[in-house]
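This report refers to the structure that appears directly beneath it.
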Amino acid sequence: PRAILQWNVGSHRDISLQSLALFRLLEPRIEILVLGTGDRVEQLPPAMLKQMRLCGIAVEVQDTPNACATFNFLMSERRLTAAGLIPP
């Protein structure tokens, strides 16, 4: 079901495996996590992205405005998705 949760991340530097644990706990299990990193796309450590893939979750990193659009598109397709958004 749709839910809004507090994600204690202030910038892309705060994104870690620990902060992403929230998305691994969601039920039903999500397929895709869309991360919006603010005004611009910020690179995340490849090991972090690999660990999420090993958990069965694809991660798409975009600037926040595009992440919102991608999330809405995936939701319209009824995909099991979540978004972690940092305000621009």
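The values are calculated or read from the model by the stated rules, or taken from the named source; none is laboratory data. On a predicted model such as this, the values are computed, not experimentally measured, just so you know. Side chains included, ligands, DNA and RNA excluded: accessible areas come from the protein's heavy atoms. Shrake-Rupley method; radii C 1.70, N 1.55, O 1.52, S 1.80 Å.
Can you tell me which residue in the range 15-54 is nearest to Met75 (Cα to Cα), limited to those that are among the basic types (Lys, Arg) and part of a helix (DSSP H, G or I)?
Across the range 15-54, the extreme among qualifying residues is Arg24.
Which condition does Val59 not pass, out of (1) assigned to a loop (DSSP other than H, G, I, E, B); (2) within 13 Å of the chain's Cα centre (by Cα), if it passes all the others?
Every listed condition holds for Val59 apart from (1).
For the range 33-49, enumerate the residues that are polar (S, T, N, Q) and open to solvent by less than 40 Å² (accessible area, probe 1.4 Å).
Thr37
Only one of these conditions is not met by Gly56: (1) open to solvent by 80 Å² or more (accessible area, probe 1.4 Å); (2) at positive phi. Which number is it?
Just one mismatch for Gly56, condition (1).
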